[in-house]
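J.: Mind having a look at this structure? Questions to follow.
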Amino acid sequence: MFNVVSNPTFTRTVPVSVPSGDGFDEQSLKATFNLLTDGEKEAFDVSTTDGVKDFLRAAVVRLDDLADEDGKPVAYTPEILEGLLGRGYVRLALLTTYTRAQIKAVTGN
């Protein structure tokens, strides 16, 4: 049986390579995404920075496992998302994770 869900969402761990010193600091966060329809996705031009930001604003429901520089938990807010969308390495990590989840769903792996 296939369940028809009007507003499907999914949650994934998002690996983020944060530039640090001469290399990267491997961190992660959890993102809950809206499962956008083809028509909804086609409304965004993900070949531009603004298009990716707009896409992620529509796709991201919430972010979890966030902490400040002292390691204290930080609650998700829309302002937190906006700040993170201003960082290319976070945008790429979110977009890649969303896309990989879709590819896996399509291929059945």
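J.: Sum up the charges of everything whose Cβ sits under 10 Å from the Cβ of Phe44, counting Lys and Arg as +1 and Asp and Glu as -1, but leave Phe44 out.
T.: On the way: positive: Lys41, Lys53, Arg57; negative: Glu40, Glu42, Asp45, Asp50, Asp54.
Net charge in that neighbourhood comes out at -2.
J.: What's the angle, to the nearest 10 degrees (0 to 90), between helix 88-107's Cα axis and the longest principal axis of the chain?
T.: Taking the Cα atoms of the chain, the angle to 88-107 is about 30 degrees.
J.: Dipole of the chain (Lys/Arg Cβ +1, Asp/Glu Cβ -1, origin at the Cα centre): which of Ile103, Gln27, Val90 lies farthest to the positive side?
T.: Working it through, the farthest residue towards the positive pole turns out to be Ile103.
J.: Compute, for the chain, the length of the dipole vector about the Cα centre, with Cβ point charges of +1 (Lys, Arg) and -1 (Asp, Glu) only. Units Debye, rounded to 20.
T.: Details: 11 positive and 16 negative charges, 87 e Å.
Roughly 420 debye for the chain.
J.: Two-decimal Rg/Rh of the chain from alpha-carbon positions, Kirkwood Rh? Let's see the in-between values first.
T.: On the way: Rg = 14.7 Å, Rh = 15.0 Å.
With Rh from the inverse mean 1/r over Cα pairs, Rg/Rh is 0.98.
J.: Say we join alpha carbon atoms closer than 10 Å with springs in a Gaussian network model of the chain; which of Ser47, Ser17, Ser28 then has the biggest fluctuation?
T.: Residue with maximal mean-square fluctuation among Ser47, Ser17, Ser28: Ser47.
No value in this document is a laboratory result; all are computed from the given coordinates. Predicted, not measured: the structure shown is a model, and the values here were computed from it. FYI the Cβ positions are ideal-geometry reconstructions off the backbone, even for glycines, and counts take in every protein chain you see.
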